[in-house]
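Structure first, commentary second.
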Amino acid sequence: MDVIGESHFPASVEEAEKVVAIVRGAAVTALPSDLYIPPDALKIFLETFEGPLDLLLYLIKHQNLDILDIPVASITHQYVDYIEMMQEIRMELAAEYLVMAAILAEIKSRMLLPRPRGTENEEEDPRVDLIRRLQEYERFKTAANDLDGLPREARDTFSASAALDDIEVEVPKPMVELEQLLLAFQQVLERAEQVAHHQISREPLSVRERMTMILDSLGQGGEICFSDLFVAEEGRSGAVVAFLAILELCKEGLIDIVQSAPLSGLHVKIA
């Protein structure tokens, strides 16, 4: 209770035991004569069941009974007691519970009826259909509980994702030094001398013509290995003409000599 104004609490233990409540700071030792407590003020909610089969299965498991040999009389009495209790506490009773109570009463009456001699083994047990329904319901209930126990997305587990920005790394190509160009040309000359022969034939070699041939070989945006621009069969003179043509093209800014990595081969491409 909220205390308003000066509080008046009991001064002794005896007075404290007589106090029923503290109202606005004042001790109340007796209930008012006109106090009315509605009959529905206190409600007790018992464990609810999903249906009549669920209630039957609970009663069977609660007493550790064999589902294949159900004592119909005992289960029926407990089932009817539960229905009466539900009616007493004013719970809404579904029609299926009453139907199941009628089925149990029918099974009980069929088991009590006398059977003609010689037909005990031929007549089917009246509990067979109920046992089959209970077993099927138990399997589905167990499967549902197993599925409910599995980890659930957004309840037990959460998906994590992280996006990385695309980082463009531009690796600068190494500059081609004159010394490397001369070494590559020396290798070309060495290969040309290996196929040189003593027969001398005079062939007209033009630097301008070789420049045109190199540009045609490169095409539009092409790239060729440096050594592929030389024809070994032309010998030293042909290699010199091709090298001069390459230098002239570089001087005019028509081609570039590049290297993809340090100490790697040289390549020629359109500027």
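The values are calculated or read from the model by the stated rules, or taken from the named source; none is laboratory data. Remember, it's a predicted structure, so these values are computed and weren't measured experimentally. As a convention, Cβ positions derive from the backbone with ideal geometry for all residues, glycine included, and neighbour counts pool all protein chains shown.
Here Ala239 meets each of (1) more than 22 Å from Leu189 (Cα to Cα); (2) surrounded by 16 or more Cβ atoms within 10 Å (Cβ to Cβ) with one exception, condition (1). For first residues located in the range 249-270 and among the acidic types (Asp, Glu), partners that are modelled with pLDDT under 80 and not in a strand (DSSP E or B) and lie 6+ apart or on another chain with Cβ distances below 8 Å form the pairs Asp256/Ala271. Taking the stated definitions as given, is Thr157 under 18 Å from Leu65 (Cβ atoms), at pLDDT 80 or above and among the β-branched types (Val, Ile, Thr)? No, not satisfied. In the range 176-187, which residues are at pLDDT 85 or above and in contact with a helix residue (DSSP H, G or I) (Cβ under 9 Å, 6 or more places away or on another chain)? Passing the criteria: Ala184, Phe185, Gln187. Ala94 passes every criterion in (1) at pLDDT 75 or above; (2) within 42 Å of the chain's Cα centre (by Cα); (3) of a type in the set (A, V, I, L, M) apart from (1).
Each residue in the range 58-68 was checked for being outside any helix (DSSP H, G or I) and touching a helix residue (DSSP H, G or I) at 6+ places or on another chain (Cβ under 9 Å), and 5 of them qualify.
Each residue in the range 176-192 was checked for being in contact (Cβ under 8 Å) with a residue 12 or more places away in the chain, among the aliphatic types (A, V, I, L, M) and more than 11 Å from Arg236 (Cβ to Cβ), and 3 pass. The residues of the range 190-206 that are at pLDDT 75 or above and charged (D, E, K, R), listed by number, are Glu190, Arg191, Glu193. Within the range 207-236, restricting attention to residues that are at pLDDT 80 or above and small (Gly, Ala, Ser), the residue that is nearest to Ser264 (Cα to Cα) is Ser227.
Quick test for you: out of Val28, Val72, Val19, Val80, pick the one residue that is modelled with pLDDT of 65 or more and touching a Lys or Arg at 6+ places or on another chain (Cβ under 7 Å). Before the answer, list the steps.
On the way: Val28 fails: touching a Lys or Arg at 6+ places or on another chain (Cβ under 7 Å); Val19 fails: touching a Lys or Arg at 6+ places or on another chain (Cβ under 7 Å); Val80 fails: touching a Lys or Arg at 6+ places or on another chain (Cβ under 7 Å).
So the residue among Val28, Val72, Val19, Val80 that is modelled with pLDDT of 65 or more and touching a Lys or Arg at 6+ places or on another chain (Cβ under 7 Å) is Val72.
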